[in-house]
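Some notes on the structure that comes next.
The values are calculated or read from the model by the stated rules, or taken from the named source; none is laboratory data. Model, not experiment: these values are computed from the prediction. Using ideal geometry, Cβ is built from the backbone for each residue, glycine included, and neighbour counts are taken over all protein chains shown. All accessible areas refer to the heavy atoms of the entire protein, side chains included, with ligands and DNA or RNA removed. Shrake-Rupley method; radii C 1.70, N 1.55, O 1.52, S 1.80 Å.
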Amino acid sequence: IRTLIEEKDGAAAEVHHVEIDRAKLHYHEKTDEVYYVIEGSGTMVLDDEEIELHEGVVVYVPRGVKHKAVGKLTVLTVCIPRGVLNDIHELE
């Protein structure tokens, strides 16, 4: 994960530029995420639902929802509040 913006001054959110290839199912207890697909295609698993991913798709992932992206993708993730890297709970 390469962090583009991670404010240390109490900012409400952080943004990450992420290359995804075979992500593991996980959830965040305290963090909501918004994924914006820059490049690639695949699917996003959200609990028991699957969403098709391709360039330009935006997916909102509320805290507590088990999720993973399947496929080779480049995405921007907006994480609200900041601190997602300390809030990853892997399930596989």
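Counting trypsin sites (Lys or Arg not before Pro) as exposed when in a DSSP loop with at most 13 other beta carbons within 10 Å, what is the longest stretch of the chain free of them?
Details: sites that count: Lys8, Arg22, Lys24, Lys30.
Here the longest run is 31-92.
Per-residue Karplus couplings for the range 32-46, computed as 6.51 cos²θ - 1.76 cosθ + 1.60 with θ equal to phi - 60°, are listed in order as 8, 10, 10, 9, 10, 7, 7, 7, x, 8, x, 9, 10, 8, 10 Hz, Gly and Pro entered as x. Across the range 52-67, computed HN-Hα scalar couplings (Karplus, 6.51 cos²θ - 1.76 cosθ + 1.60, θ = phi - 60°) run 5, 10, 7, 3, x, 6, 10, 10, 9, 10, x, 4, x, 7, 5, 8 Hz from first to last residue, x flagging Gly and Pro. Only one of [x] 0.97; [y] 1.23; [z] 0.94 was calculated from the structure for Rg/Rh (Cα atoms, Kirkwood Rh), and its label is [z].
Amide H contacts of Val57 (H built 1.01 Å from N, in plane; Pro and chain starts excluded): Val37 sit under 5 Å, all sequence-distant by 5 or more or on other chains.
Where does the charge balance sit around Glu90 when Lys and Arg score +1, Asp and Glu -1, over other residues with C-beta under 11 Å from its C-beta? Working shown, then result.
Numbers: positive: Lys24, Lys66, Lys68; negative: Glu92.
Combined, the nearby Lys, Arg, Asp and Glu give +2.
Taking 0.36 nm per residue of separation and subtracting the current Cα-Cα distance, fully stretching the chain between Lys66 and Tyr36 would add 9.0 nm.
Per the 1.4 Å probe, what fraction of the accessible area of the chain, in percent, lies on carbon and sulfur atoms?
The nonpolar share, carbon plus sulfur, comes to 50 percent.
Heavy atoms of the protein only, probe of 1.4 Å, neighbouring chains included. What is the accessible area of Tyr60 in Å², nearest 10? Here the residue's solvent-accessible area equals roughly 120 Å². Computed 3J(HN,Hα) for the range 75-92, one whole-Hz value per residue from the Karplus formula 6.51 cos²θ - 1.76 cosθ + 1.60 where θ = phi - 60°, is 9, 9, 10, 9, 10, 10, x, 5, x, 4, 5, 9, 10, 9, 10, 6, 10, 9, glycine and proline marked x.
Rounded to the nearest 20, the size of the Cβ-charge dipole of the chain about its Cα centre is 200 debye, with Lys and Arg at +1 and Asp and Glu at -1.
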